[in-house]
Every structure is written in C-alpha cells, then in structure tokens.
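J.: The structure that follows is given in the form of structure tokens.
Read-outs throughout are calculated quantities, based only on the coordinates presented, and are distinct from any laboratory measurement. Computed from a predicted model, the values in this text were never measured in an experiment. We place every Cβ from the backbone using ideal geometry, glycine too, and count neighbours over all the protein chains shown.
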Amino acid sequence: MPKPGDRETQFVAHLQRLQEREDRGALAALRRGLGKPPGGAPEMFPYVIPHTQGLSAWREDHFLLVAALFALHPVSTPEGNIGDTFADVRRRRGAAEAEDSLEKRFVALLNCHGDDLPNHLRHTVALARTAEVPVNWGRLLADLGAWDHPGRYVQRDWARSYWRPHTREARPEADAEPSNTTAQDA
C-alpha cells in the first residue's frame, strides 16, 4: 500500500499549519476548489503550486484535490486510510439503514473511475466531517497516485479496512476528541 512520502507529508504539514494559524482566507481559497476540476480555482495556486514543483500535471491535480478536501474538513490522523474513515463513520452512525446507505456509497467510491473520484471523495469527506471522523490526508494523497493501477490495490486495501471485523470498533483516535494536528505534532 502506498505510504506517504516526504513530499506528501510536508504538504499535509503545510495544510495543517494553515489550519493551526486559523488562516481563514487560505482555507476559503482552498475550499473554492470543491466541485471544480483540479486547477479550476486559481485562488488555490499560491497555497498548493509551490509544493508541486517538478510533478506531472496529473499528480499536481491530486495535491489540488487533497488541499480542497482538507479545507472542507481539516481534522487529521496519521493512521488508517479512507476505508477506515468510512468504517468509523459507519460505527458512529450505528443504524442499519445508515450502514446500508454508507456501504452503497463506499462501493460506489471503490468502483468509480479516477475522473469521478473528486466528487465521490467530496461526499466522503463531508460524511467524515459530519461524524467528526479524522482523515489521514497524507495516506489519501499517496493512494490517489495509485488509484488507476490495474491491480486496484488501493481499492482492495480500502475494502479490507472497511470490512475488517475490527473496524467496527473505533480506531483509538476516532474516539478521542478530533484534533487539527497529527500525533507527530505533539
């Protein structure tokens, strides 16, 4: 499974600093990218482009997407993946009907083409925000780079995390008060 490299880790740390400084203007500029194609909100560029030098446009789009999603829900965890996030949302909701609708949404995410991923992830992050479940932003950024791999190993890893029996029990950080920093910042 992809692990966040130095570039992803540094970028997420940059986003977390914006949140810690309560830079509302920067976070608002990043949120303007929600619902638009990557690069469709030039207001984001000053906060993202300096961190993408030397990357392909395809990879730069991932940084733009994660920045916009982070600004929607700037609560981080250094653990897990999106499958774990969905499982934690499911656990917090509890009701069987909610579990069924969440599972359908999760399966739709796993089945989606890379071009449709921004829309599915925006809904995923909105669910996490509502349930106050943190997101591993660095891991998401790393996973996006392998989304279209023919072996679909990212999707299988997310599925293992979602349907693993112990995900029905919360990750320790999901029960704790959500923070705007990672354990590395402590």
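J.: Given the convex hull over the Cα atoms of the chain, what projected area results after averaging over all orientations, in nm²? Numbers along the way, then the final one.
T.: Working: hull surface 39.9 nm².
About 10.0 nm², averaged over all directions.
J.: Something else now. For the chain, what does the helix formula give at 222 nm: sum of -39500 (n - 2.57) over DSSP H segments with n ≥ 4, over the residue count, nearest 500 deg cm²/dmol?
T.: -17500 deg cm²/dmol
J.: Return the distance in nm (one decimal) between the two label points of a simple spin-label model at ARG32 and ILE49, each offset 7 Å from Cα along Cα→Cβ.
T.: Computed distance between label sites ARG32 and ILE49 equals 1.3 nm.
J.: What ranking, highest mean first, results for peptides 57-66, 109-118 when packing means the other Cβ atoms within 10 Å averaged over each residue? If you can, show how the numbers build up before the last one.
T.: Values: 57-66: 19.3, 109-118: 14.8.
My ranking of the peptides, most packed first, is 57-66, 109-118.
J.: Show me, for region 73-78, the HN-Hα J-couplings you get by feeding each phi into the Karplus relation (A = 6.51, B = -1.76, C = 1.60, θ = phi - 60°), rounded to Hz, glycine and proline as x.
T.: 8, x, 10, 10, 9, x
J.: What residues qualify as long-range amide H neighbours of VAL135, i.e. H under 5 Å apart, gap of 5 or more or another chain, H built at 1.01 Å from N?
T.: VAL75, SER76, THR77
J.: How much length would be gained if the chain were fully extended between TRP147 and ASP116, taking 0.36 nm per residue of separation minus their Cα-Cα distance, in nm to one decimal?
T.: Using 0.36 nm per residue and subtracting the Cα-Cα distance, I get 10.0 nm.
J.: Work out from phi, with θ = phi - 60° and the Karplus expression 6.51 cos²θ - 1.76 cosθ + 1.60, the ³J(HN,Hα) of each residue of region 8-20, listed in order in whole Hz, and give x for Gly and Pro.
T.: 5, 4, 5, 5, 5, 4, 4, 4, 5, 5, 4, 5, 4
J.: Related question: Relative contact order of region 6-72, please, whole-number percent, based on alpha carbon pairs below 8 angstrom and at least 6 residues apart. Display every interim value, and only then the final one.
T.: Working: 53 pairs, mean separation 24.3, N = 67.
The normalised contact order for region 6-72 reaches 36 percent.
J.: Next question, about the same structure. Using a basic spin-label model with each label point 7 Å from the Cα along Cα→Cβ, how many nm lie between ARG160 and GLU103?
T.: In this crude spin-label approximation the distance works out to 2.1 nm.
J.: Something else now. What is the Å³ per residue value for the convex hull set by the Cα atoms of region 6-72?
T.: Given the Cα convex hull of region 6-72, per-residue volume reads 70 Å³.
J.: Once fully extended, how much extra length lies between SER56 and ARG21, figured as 0.36 nm per residue of separation less the alpha-carbon to alpha-carbon distance?
T.: Working: separation 35, 0.36 × 35 = 12.60 nm, distance 2.98 nm.
Full extension from SER56 to ARG21 adds 9.6 nm.
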